[in-house]
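Visitor: My questions will all concern the structure given below.
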Amino acid sequence: MIYKFACMKNGKGLVKMVTDEGKEVWAETSKEVVDYAKGNFNSYDEKTGFPGETVNFEYTTKNGKYAVTKIMKIGCVETAKTHEPIKTTTDAPTHTQTKQPYTPYVKNDELIVKQTVLKASVEAVKVLSGIIDKPEVLAQVVLSLYDTFLAHLKK
């Protein structure tokens, strides 16, 4: 789901969101959720075309009206909770939307070294880019420097 905007209007908290079905809706919420959303998420920006931040919402629906009870970053435990339930939606079922499962980080030192050496090789060739004007020759120089740098690191 996409967070677009949060505000307080006439003492009511409101969140504008886009559901997984692509439907843009307004939902009632608490002041705590509005404050949390404003402080932790990037809103929709018409000037830059930024669509809004993808987040998890816990919400209820009743008679076509939405009520957000939690909003959280994908993969995070920290949430903003309402201190009191919204009375119009107490009987409605709660839906939790999760877009991305948690994947643990696997450290790969050899890959990091190879990527760093390749970046160093490319940076070194930038100096020669005005002198060597053929892309295939530049590629050969990059690969040659890469092999040389990597060999020196492994000694």
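Visitor: Among residues belonging to region 131-141 that are assigned to a helix (DSSP H, G or I) and modelled with pLDDT under 80, point out the one that is surrounded by the most Cβ atoms within 10 Å (Cβ to Cβ).
Guide: Let us first name the residues in region 131-141 that are assigned to a helix (DSSP H, G or I), namely 135-141.
Next cut, modelled with pLDDT under 80 only: 135, 138.
Numbers: PRO135: 8, LEU138: 17.
Checking each candidate, the answer is LEU138.
Visitor: Under the condition of being in contact (Cβ under 8 Å) with a residue 24 or more places away in the chain and part of a helix (DSSP H, G or I), which residue from region 23-50 is nearest to VAL68 (Cα to Cα)?
Guide: It comes out as VAL33.
Visitor: Return the only residue of GLU78, GLU53 being modelled with pLDDT under 65, within 16 Å of the chain's Cα centre (by Cα) and either farther than 24 Å from PHE149 by Cβ or not small (Gly, Ala, Ser) (or both).
Guide: On the way: GLU53 fails: modelled with pLDDT under 65.
None of the others qualify; the one that does is GLU78.
Visitor: Taking the criterion of being outside any loop (DSSP other than H, G, I, E, B), in contact (Cβ under 8 Å) with a residue 24 or more places away in the chain, under 12 Å from LYS16 (Cα atoms) and among the aromatic types (Phe, Trp, Tyr), would at least one residue in region 51-72 satisfy it?
Guide: yes
Visitor: Now for a different question. Within the bounds of region 66-74, is there any residue that is charged (D, E, K, R) and either modelled with pLDDT under 75 or farther than 17 Å from MET1 by Cα (or both)?
Guide: Step one: list which residues in region 66-74 are charged (D, E, K, R), which gives 70, 73.
Filter again for either modelled with pLDDT under 75 or farther than 17 Å from MET1 by Cα (or both), leaving none.
No, region 66-74 has no match at all.
Visitor: For region 107-130, does any single residue satisfy the condition of being modelled with pLDDT of 70 or more and touching a Cys at 6+ places or on another chain (Cβ under 9 Å)?
Guide: There is no residue in region 107-130 that is modelled with pLDDT of 70 or more and touching a Cys at 6+ places or on another chain (Cβ under 9 Å).
The values are calculated or read from the model by the stated rules, or taken from the named source; none is laboratory data. None of the values given here were measured: they were computed from a predicted structure. When we count neighbours, we look across all protein chains shown, and the Cβ atoms used for this are built from the backbone with ideal geometry, even at glycine.
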